[in-house]
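Note sheet for the following structure.
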Amino acid sequence: MSERRPRILSGVQPSGELHLGNYFGAIAQHVRLQDEGDAFYFIADYHALTTVHDAERLAALTRDVAATYLALGLDPQKATFFRQSDVPEVHELTWMLECVTGMGLLERAHSYKDKVAKGIHPSVGLFTYPALMASDILIYQADLVPVGQDQVQHIEMCQDMAQSFNSRFGRRERDAEGVERVVGPLKRPEYKLSPTPKVPGTDGQKMSKSYGNTIPIFASGKRLKKAVNSIVTDSRDPKREPLDPDACNAFAIYALLHDEDEVAALAEQYRRAPEVGFLGYGVTKKAIIERMQERFGPARERYEALKRPGSELDDVLREGALRARAVARETIAACRQATGLGPLLSA
Ligand code: ADP
Ligand code: TRP
């Protein structure tokens, strides 16, 4: 009997221009995993409503995220790619999950506290964000959720919510040994961290759209130069003393874009800076700019074309939504049944 391929699922918010942190923490891994399982990826536009309150901007950013993924290798023949809001059934499951989730669980969310500390309005939507995220995952019966470090607590909350729902509404069954277990309609997912789950920004904090410390994936020319040149480095003088590669943000970003030998060679130059006449951080920054142009330049043209109205992007998202919606409806039907809400009236 052939095993079902694992369902891999992740979402990205259209809340700003995608950057190297998103690329190395999420996109690169998502594209790789489309060959290893039945991948579902979506643009989390409902989630972005917690922070983006401008209709034109939300629509433009949604298109931008979709074009970025497709230009960087997401293949709609392999992965189901869609907009979160094209499957409104996700809110029905969110409500069911909220009814089995204690306030205490949501009150412990780091991400809510961090966002409020950064000045984001503490709306009810921002507070219940993890329940919608859990529903995103559970409604598609995901096995594996590839994310960056910052999302791990949200996945753990999702595991808790699946467990609470199943234990309240699941059926009690005895296995062959007579041991009782509960079989519920929701599948417990696991998370998968990318090999680079925490990419530093130009100021050394986590790179994030909301910290203004990003290097956008498709920046070019002066804008790219300006972003890379703003990477904070320390004040050591390479003519007088050795530099420490591990203490350098520019080195950390260089390491993401270069192979092992190149990274080892640059580390050696840092450590022997005065001896070998290393010219300092400017060298590292110039190499970052060159490598970004090589790596992302060719995809940039495709990205620009995909963003234009009438490109194939609309068809891709429509097809993806149809496939995703069919799966979502099955889960909703099972959950309505389990809770006693019962089947929807047919029209
Ligand atoms: P941002 O912090 O810029 O708003 P998101 O929260 O939209 O980014 O994150 C989208 C995806 O990118 C998530 O899977 C997240 O874990 C990952 N990600 C974001 N920033 C980084 C980073 N600096 N390093 C690694 N992964 C990141
Ligand atoms: N909260 C995630 C982020 O900010 C985006 C997201 C929404 C998500 N729903 C998801 C990620 C479901 C993984 C699975 O990055």
Problem set entry | Residues of region 328-347 satisfying the condition of being within 25 Å of Ala39 (Cα to Cα), touching a residue at least 24 places away in the same chain (Cβ under 8 Å) and surrounded by fewer than 18 Cβ atoms within 10 Å (Cβ to Cβ) | Arg329, Ala334
For this session: Among the numbered conditions (1) under 28 Å from Ala39 (Cα atoms); (2) buried (at least 21 other Cβ atoms within 10 Å of the Cβ), tell me where Val183 comes up short.
Result: (2)
Problem set entry | Single condition Leu243 does not satisfy, out of (1) assigned to a loop (DSSP other than H, G, I, E, B); (2) at pLDDT 95 or above | (2)
Exercise. Looking only at residues in region 143-157 that are within 14 Å of ligand 1 (Cβ to nearest atom) and of a type in the set (A, V, I, L, M, F, W, C), which one is surrounded by the fewest Cβ atoms within 10 Å (Cβ to Cβ)?
Worked result: Val152
Exercise. From the residues in region 195-213 that are away from ligand 2 (no atom under 16 Å from the Cβ) and not β-branched (Val, Ile, Thr), which one is modelled with the lowest pLDDT?
Worked result: Pro195
Exercise. Among the candidates Ala55, Ala66, Ala28, which residue alone is more than 14 Å from ligand 2 (Cβ to nearest atom) and within 11 Å of the chain's Cα centre (by Cα)?
Worked result: Ala28
Problem set entry | Pairs where the first residue, in region 103-118, is surrounded by 10 or more Cβ atoms within 10 Å (Cβ to Cβ) and the second is among the small types (Gly, Ala, Ser), C-beta under 7 Å, 6+ apart | Lys118/Ser210
Exercise. Hey, which of the strands (runs of 3 or more DSSP E) in region 135-218, taking only ones fully inside, have at least 3 residues that are within 30 Å of Asp246 (Cβ to Cβ)?
Worked result: 190-193
Exercise. Among the residues of region 159-171, is there at least one that is open to solvent by 70 Å² or more (accessible area, probe 1.4 Å), more than 14 Å from ligand 1 (Cβ to nearest atom) and polar (S, T, N, Q)?
Worked result: yes
For this session: Quick one: Leu93 ticks every box in (1) buried (at least 21 other Cβ atoms within 10 Å of the Cβ); (2) farther than 28 Å from Asp160 by Cβ except a single one, so which number is it?
Result: (2)
Exercise. For region 9-25, which residues satisfy the criterion of being within 11 Å of ligand 2 (Cβ to nearest atom), part of a helix (DSSP H, G or I) and open to solvent by 20 Å² or more (accessible area, probe 1.4 Å)?
Worked result: Asn22
For this session: Say whether the condition of being within 16 Å of ligand 1 (Cβ to nearest atom), buried (at least 22 other Cβ atoms within 10 Å of the Cβ), part of a strand (DSSP E or B) and within 12 Å of the chain's Cα centre (by Cα) is met by at least one residue in region 77-89.
Result: no
Seminar exercise, completed: Among helices (runs of 4 or more DSSP H) entirely within region 253-312, at least 2 residues that are of a type in the set (A, V, I, L, M), touching a residue at least 24 places away in the same chain (Cβ under 8 Å) and under 24 Å from Val232 (Cβ atoms) occur in 281-307
Exercise. Hey, any hits in region 245-260 for a residue that's of a type outside the set (Lys, Arg) and more than 20 Å from Gly204 (Cβ to Cβ)?
Worked result: yes
For this session: Mind listing whichever residues of region 1-48 are small (Gly, Ala, Ser) and without any contact (Cβ under 8 Å) to a residue 60 or more places away in the chain?
Result: Ser2, Ala39, Ala48
Problem set entry | Extreme residue, nearest to Pro216 (Cα to Cα), among residues of region 49-63 that are part of a helix (DSSP H, G or I) and without any contact (Cβ under 8 Å) to a residue 60 or more places away in the chain | Leu61
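The values are calculated or read from the model by the stated rules, or taken from the named source; none is laboratory data. Treat the numbers as computed from the prediction; the structure is a model and nothing was measured. Quick reminder, even Gly has a Cβ in these numbers, built from the backbone with ideal geometry, and neighbours come from all protein chains shown. SASA here: full protein model, heavy atoms, side chains in, ligands and nucleic acids out. Shrake-Rupley method; radii C 1.70, N 1.55, O 1.52, S 1.80 Å.
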